[in-house]
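One structure below.
The values are calculated or read from the model by the stated rules, or taken from the named source; none is laboratory data. Small disclaimer: the values here were computed from a predicted structure and weren't measured. Note that each Cβ is placed from the backbone with ideal geometry, even for glycine, and that neighbours are counted across all protein chains shown. Side chains included, ligands, DNA and RNA excluded: accessible areas come from the protein's heavy atoms. Shrake-Rupley method; radii C 1.70, N 1.55, O 1.52, S 1.80 Å.
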Amino acid sequence: MEFLQMQPLIEGVLAQIKPGPLQDPALQGLRHIFPDSTILGALSLIDGERVTLYVLSNGRSNYIVEGSTATSYTIQLDLGTSMPYMCSCYSFIHGVLSTRTHIFCKHILAVRLAIQMNRLVERRITEEGFANLIATQMKVS
């Protein structure tokens, strides 16, 4: 099933998730959409406080998820396109964009869950500081 067909179902399940611990009905809803490995990976990232919202001094915001291999990934939500989100990880490029075997990677799911559960780590940063963070993430000198 294509993402656009799944989007109302995904949004409905995510809307059931309230701040605090993930309740069983919401977890069961997630299991109808995502593989257990994606859900568990996302929850592990949240529990490890690896999902960060960077709020820039110009008011813009960006999400960065520190992956399980100590690599950080940039997440974009609400892109306003037929693919409304993006992650810089290989799983997104391969599983979501290329083979279309997945709807989200664990990093995007972690961000979406952390927002709903009120578990985002929030940091304020300058534009220059964020550019340096991204350059380091991309290993650009």
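If I take all pairs of Cα atoms in the chain, what percentage of them are more than 27 Å from each other? All intermediate terms of the calculation are to be shown ahead of the outcome.
On the way: 1807 of 9870 pairs.
Considering the chain, 18 percent of its Cα-Cα pairs are separated by more than 27 Å.
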For this session: Quick one: divide the alpha-carbon radius of gyration of region 1-49 by 2.2 N^0.38 Å and tell me what you get.
Result: 1.17
Problem set entry | Carbon and sulfur %, accessible surface of region 1-91 computed with the full protein complex present, 1.4 Å | 52
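Are there trypsin sites (Lys or Arg not before Pro) in region 78-141 that DSSP puts in a loop and that have at most 15 other Cβ atoms within 10 Å, and which ones?
Details: sites: Arg100, Lys106, Arg112, Arg119, Arg123, Arg124, Lys139; in loops: Arg100, Arg119, Lys139.
Loop-located and lightly packed - Arg100, Lys139.
State in Å² the accessible area per residue of the chain; use a 1.4 Å probe, count heavy atoms of protein chains only, and round to the nearest integer. Please list the in-between numbers first.
On the way: 8130 Å² over 141 residues.
Ligands and nucleic acids excluded, the figure is 58 Å² per residue.
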Problem set entry | Listed residues Glu128, Glu66, Glu49, most fluctuating in the chain (Gaussian network, C-alpha, under 10 Å) | Glu128
Exercise. Residue separation times 0.36 nm, minus the C-alpha to C-alpha distance between Gln5 and Ser82: what's the value?
Worked result: 26.6 nm
Seminar exercise, completed: Here the net charge surrounding Leu40, from other residues whose Cβ is less than 12 Å away from its Cβ (Lys, Arg +1; Asp, Glu -1), is 0
For this session: Give me the Debye-computed log₁₀ of I(q)/I(0) at q = 0.14, 0.16, 0.17 Å⁻¹ for region 64-107, equal point scatterers on Cα only, no solvent, two decimals.
Result: -0.30, -0.39, -0.44
